[in-house]
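To start, the structure itself, in C-alpha cells.
Computed from the coordinates by the stated procedures, all read-outs in this text should not be read as laboratory data. Fair warning: this is a prediction, and the values are worked out from it, not measured in the lab. As a convention, Cβ positions derive from the backbone with ideal geometry for all residues, glycine included, and neighbour counts pool all protein chains shown.
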C-alpha cells in the first residue's frame, strides 16, 4: 500500500466512523438518564422504561455514585456535555444549577404537587427547573419487635433511657445508629439541631436568600441549641454508649447496614428507604419496622418538626428541543400515572409527589397515614437544606466542624462550633 | 531548478502519523493545564460564569489557609516519607529473602507480586471493610483476644496509619521486584573476597551489597516519592480526607476545592502550587540521585 492510498483509506475510515452515530441517531431518539443508584431512582426508571417502550424511545440510564454526583453533573452542565438528557436534581442543588436547566413550568403535572416542595429549591428566575418524582422526608425507623409504638421516645432523655434499657436487656447492640460524616449529617446532627429549636442560619427556618442576606448570612452552629445538640451526640457515643463509637465516620449506608443487620433498635433515614429496610433479602429486620417523629430536645420550640423536600428530574438547557419535549412528556406521564405513583410508595416508602394520589392513599392505606403523621403532619415543616450556590462548601464545612467537635474533648465543643460558624458565615457571604 | 521549499511527501507522511498523538496531547494535557493556569488567576466558580481577573489572590488564599499549611502539607510529606520508607525496607527485606535458592521459590516470587495486580481502589475498599468498626475482621480479632474494638476511622492518626499501611502493601512488591533484579546482577567477586576475609552477613550487606544497590535504591525512592506526593485514590476511598479534614493530602485538598466546593479557581491555584512544590522536591531528589550514582561508580 503506498502512502497516498494509506492516507486516503485512513481518512475514509475516520469519516465513516464519525458519521455512523449520526446515522444511528436519525433512526430513533435516545434519552440518557443520569441518576444515582437508589431504590427511588430505580423505581422511577422502571416506569420511564414503560413509557419509552410505548413511544419508541431508547432509554439509557447512566448511574453515578452519590459521592461524586454533584461534581460530575455540575461539570457536565457547565461544559454543555452531551452525556445526559435528563438528570436527577436534588433540592439542595437548586440554585447551583438553576441557570443551566430547562424551565419546566409547562409540565402540567407540577400543578398537582405541593408548592412548598418547589419554593425556593427548584425555582430559578421565577421558573420551575425540576419535576419532582418523590418527596424526601426524614423519619425515625424503629424495631417493632423491641419497642411498642407507645414506647418510642418522645424526647432526648427518653431516647437515651430507652436505648440503654434495650442494650442492658441484651436485646440489641446499639440503641441508635445514624449517618454523621459529610454529606450524611442530616441523620444525626441536623435532625437533633432542628428538634432542639436551632437551625444552621439566622433567621430561624428561613430559606429565602434575600432574607438570609438581610440577616448578614449568619451561620448559627455555635448557638446554644446547636452546642447542646452536639453535646447530645458526644454523650450518646462516649458516655451513654448508645451509639457506635465509629459513628462520626459513618455514611448513611454504614448506619443502614447496622440497622438492617439487626444491631440497632432505631435509625434515622429518608422514608424512601422503607422498602429496602423491609426487604427480607437485604434486611434481617424486614417486617419488624415502623416509623416515628423526631424525639424533641430540651430547647424545642415546637411540639414536632420535620423536613419536607423533593427529588426531581431536570433537563439540561443545552439538550436539543425534540429531546426536551420528549423528556417533559415522559416526566408528566409518570406523575399523572396513578399506578406509577402508588407503586413508588408501595415499593419504596417514598411519598408520591402527586397530591391527588396522596389523598387517595390517606383514605386507603393505614401505613401511609402513619408515615404522614410521623412526618409532614408535624407542627413545623422546614426545608432540609439551603439554596444558595455555596451550599456544598457551607454544608461540608459545617459537618466537618461538628465531626471535629464530637470527636474531640467535650469541653472543646463550643470552640470547635464557633470556629465552624465563623467559617460558614464567610462562605455564605461570598455567595 | 531551485529546490522546492516546505515539506516533502515523506515529511508530510511522518507528520500525518504523529498528528493524532500530538492532537491528543494538546487536547488532554496542554489545553487543560493552560485552562487551569488561567482559572487560577480569576474568580472562577463552576456554577458561575463570572471570570474576573484577580491576580494572585487565589494563591494567597491557598497559602494562607491553615488547613493547607497546617494539615495538608504535613500529611502529604508524612505520607510520602512513611510510605516510601516502609515500602523500601519491606521490599528490600523481601528481595533479600527471595534472592536465595529454596523450594517453592517461583511460587513465593509470584505470591509477592500479587498486590501489584490489585487496583488501588479495590485494595482500599478491602482495607476499609477490614477496619470497619462493626463488621471488620480486625476488630473481630481484637474482640476474640478480649480487647476493646477500636473505631479506626474517626481519629487522624489511626486513619492516616491505615492509609499508609494500604500504600505500603500495594507498593512493596514493586520495590521487591526492582531490588531483586538489581541483586541478581551484582558482581559476585566483592562478596567472595569479603567472605574469604571473614566478613559476616551484616558487614557484608552493609559494606558491599548496600553501596552496590545505591543507584537502584535512589531511582526507586525518587520515583515513589514523586508518585506518593500525588496520591489520591486510596486516601479518597478510605477516609475522603476525614475525619474533619484531618487526613487530607495535597491532591484531596485540590480536588475538594475544585469539585466538592466548586471553587475551580482555588482548586487550580492549589494544583499549581502543588506542581511547584513537587518540582522543587523532584529537583532535590534528582541531585541526590546523580550524587548517589556518581559515588557508586
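With the condition kept exactly as written, say whether any residue in the range B:42-52 is away from chain A (no Cβ under 13 Å), in contact (Cβ under 8 Å) with a residue 24 or more places away in the chain and in contact with a strand residue (DSSP E or B) (Cβ under 6 Å, 6 or more places away or on another chain).
The answer is yes; a qualifying residue exists.
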- Note on the structure: Of the residues in the range A:160-184 that are surrounded by fewer than 23 Cβ atoms within 10 Å (Cβ to Cβ) and touching a helix residue (DSSP H, G or I) at 6+ places or on another chain (Cβ under 6 Å), the one that is nearest to residue A:265 (Cα to Cα) is A:172
- Note on the structure: For the range A:53-92, the count of residues that are crowded, with 19+ Cβ neighbours inside 10 Å, within 23 Å of residue A:330 (Cβ to Cβ), in contact (Cβ under 8 Å) with a residue 60 or more places away in the chain and within 13 Å of chain B (Cβ to nearest Cβ) equals 2
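Of all the helices (runs of 4 or more DSSP H) wholly in the range A:340-431, which have at least 1 residues that are more than 10 Å from every other protein chain (Cβ to nearest Cβ) and farther than 26 Å from residue A:202 by Cβ?
Working: elements: A:355-364, A:366-374, A:391-407, A:413-429.
Result: A:355-364, A:366-374.
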- With respect to the numbered conditions (1) over 28 Å from residue A:280 (Cβ atoms); (2) touching a strand residue (DSSP E or B) at 6+ places or on another chain (Cβ under 9 Å); (3) free of Cβ contacts under 8 Å to residues at least 24 places away in the same chain, which one is the sole condition not fulfilled by residue A:386? (3)
- Is there a residue in the range B:174-190 that is more than 14 Å from chain A (Cβ to nearest Cβ), closer than 18 Å to residue B:79 by Cα, within 28 Å of the chain's Cα centre (by Cα) and surrounded by 12 or more Cβ atoms within 10 Å (Cβ to Cβ)? yes
- Task: Could you list, in sequence order, all residues of the range B:128-164 that are crowded, with 18+ Cβ neighbours inside 10 Å and away from chain A (no Cβ under 14 Å)?
- Result: B:164
- Can you name the number of the only condition in (1) buried (at least 21 other Cβ atoms within 10 Å of the Cβ); (2) part of a loop (DSSP other than H, G, I, E, B) that residue A:330 fails? (2)
- Options B:258, B:254, B:270; residue that is under 22 Å from residue B:163 (Cβ atoms) and without any contact (Cβ under 8 Å) to a residue 40 or more places away in the chain: B:254
- Message: Tell me yes or no: at least one residue of the range B:233-243 is more than 18 Å from the chain's Cα centre (by Cα), surrounded by 23 or more Cβ atoms within 10 Å (Cβ to Cβ) and facing another protein chain (nearest Cβ under 9 Å).
- Response: yes
- Query: Which condition breaks for residue B:288 when tested against (1) farther than 30 Å from residue B:35 by Cα; (2) within 14 Å of chain A (Cβ to nearest Cβ); (3) surrounded by fewer than 18 Cβ atoms within 10 Å (Cβ to Cβ)?
  - Reply: (2)
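Show me the helices (runs of 4 or more DSSP H) found entirely inside the range A:189-254 where at least 1 residues are under 20 Å from the mean Cα position of the chain (by Cα), surrounded by fewer than 23 Cβ atoms within 10 Å (Cβ to Cβ) and at positive phi. It would help to see each step written out before you state the result.
Details: elements: A:189-195, A:209-214, A:224-234.
Fully inside the range A:189-254 and qualifying: nothing.
Does residue B:228 qualify as being in contact with a helix residue (DSSP H, G or I) (Cβ under 7 Å, 6 or more places away or on another chain), under 25 Å from residue B:283 (Cβ atoms), free of Cβ contacts under 8 Å to residues at least 60 places away in the same chain and surrounded by 21 or more Cβ atoms within 10 Å (Cβ to Cβ)? Working first, answer last.
Values: in contact with a helix residue (DSSP H, G or I) (Cβ under 7 Å, 6 or more places away or on another chain): yes; under 25 Å from residue B:283 (Cβ atoms): yes; free of Cβ contacts under 8 Å to residues at least 60 places away in the same chain: no; surrounded by 21 or more Cβ atoms within 10 Å (Cβ to Cβ): yes.
No, not satisfied.
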- So which of B:20, B:32 ends up being over 24 Å from residue A:70 (Cα atoms) and either within 13 Å of another protein chain (Cβ to nearest Cβ) or free of Cβ contacts under 8 Å to residues at least 60 places away in the same chain (or both)? B:20
